[in-house]
Amino acid sequence: MQGKESEGDQHMKAAAQFTTKTWLRWSEDWESASGEYERAATCYKNARQTDKCIEAYIGAAEAQYKCTLLHSAGKNYELAGDVAVSGKQAGKRAVELYQKAAELFHANGLPERAADSLQKAAKALEKDASCLKQALELYQEAAGFYEDDGKLSKTQEAYKKAVALALTHQQLELAIKLHEKEMESLRKVERKRPELYKNFLAHVVLLLAQSDYVAADKAFHHFLSTPGFPASTEAITGANLLDAYEKGNGASIQDITNQQIFSFLPNQVNRIARGLAKVFGPATRSTSSGGGAGAGGSSQPDEAEEPEDDPLL
């Protein structure tokens, strides 16, 4: 380890020499310096010298920027951010590095790479409740870049992570607004119609969790204008859920939300759905509770993607 650290120190000294004017060298050699910085970063990484590794990557990025090598500079800023996170230095330092990387990628005409860096920045802030607003803004900015680049599936995934994060921090109203954006991005991907239908049902659940039956009913009837949705299991289940909620029938709500279809929704939404019956106190069983909810048959996950737990949920 010490040998690698010493080797890194030597590369840093060499880089400094290339950036210093002498009577034999009248201008800085930033290209050569960037190579020395990168070699130093590799040595420090192997020696587990986090701070030195970060500074070496930053040095490489700054040198490459001076050579107008924007992609390479962005890559090294991103690598510096990766090291900052792995070294338990997530937060402002990592975020600033990822944002610099995103700025350079975007300037170089690579919005998708810029969005990838912004998502890393958002993830670095997820566990810090005081940074929730910034993290959500970063996810939304990333979604915008993905959409600009025509990466609609990635757009939806970015919004999905933002919704999950808002729910994790119990920001229901904010989650609903973000979920509307997620659904809008899903509408643009024809092959994701089955997932869109699941999101319609999830949105009804979120609105009911906010004790806003009127908004939930209005949204549901708007969703019914989407081709294919009225005949779906999600639509039948949503109609039954709204009917039970309007009647204040906790037993029916419990029966409906215990159906398998809700297991295909994000884990947090599933848990919220199972808690809707509590609004009406202890459930009272009746022979007529929720009998029609399964009339459309059980819902199946999309063929293209198996249901899986979101690591954020």
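The values are calculated or read from the model by the stated rules, or taken from the named source; none is laboratory data. What you see is a predicted model; the values in this text were computed from it and never measured. Counting neighbours? That spans all protein chains shown, and the Cβs are built from the backbone with ideal geometry, glycine included. Remember, those area values only see protein heavy atoms, side chains included, never the ligands or the DNA or RNA. Shrake-Rupley method; radii C 1.70, N 1.55, O 1.52, S 1.80 Å.
Observations on the model:
- Annotation: average projected area of the range 23-179 is 10.2 square nanometres, based on the convex hull of Cα atoms across all directions.
- When LYS247, LYS123 are compared by accessible surface with a 1.4 Å probe, the order from highest to lowest is LYS247, LYS123.
- For the range 172-191, the residues whose backbone nitrogen is under 18 Å from a point 7 Å from the Cα of LYS133, taken along Cα to Cβ, are 172-178.
- The range 86-244, relative contact order [Cα under 8 Å, separation at least 6], %: 13
- With a Förster radius of 41 Å applied to the beta-carbon distance between GLU246 and GLU190, the computed FRET efficiency rounds to 0.80.
- Model label zone, SER153; criterion: amide N under 18 Å from point 7 Å along Cα-to-beta-carbon; scope the range 113-132: 113, 115-116
- Gained length - VAL214 relative to GLN140, 0.36 nm times residue gap less alpha-carbon distance: 23.9 nm
- With R₀ fixed at 22 Å, the C-beta to C-beta distance from SER32 to SER86 puts the FRET efficiency at about 0.20.
- With K and R counted +1 and D and E -1, the other residues having a Cβ less than 10 Å from that of LEU265 yield a net charge of +1.
- Accessible-area composition of the range 183-289, carbon plus sulfur, in percent [1.4 Å probe]: 53
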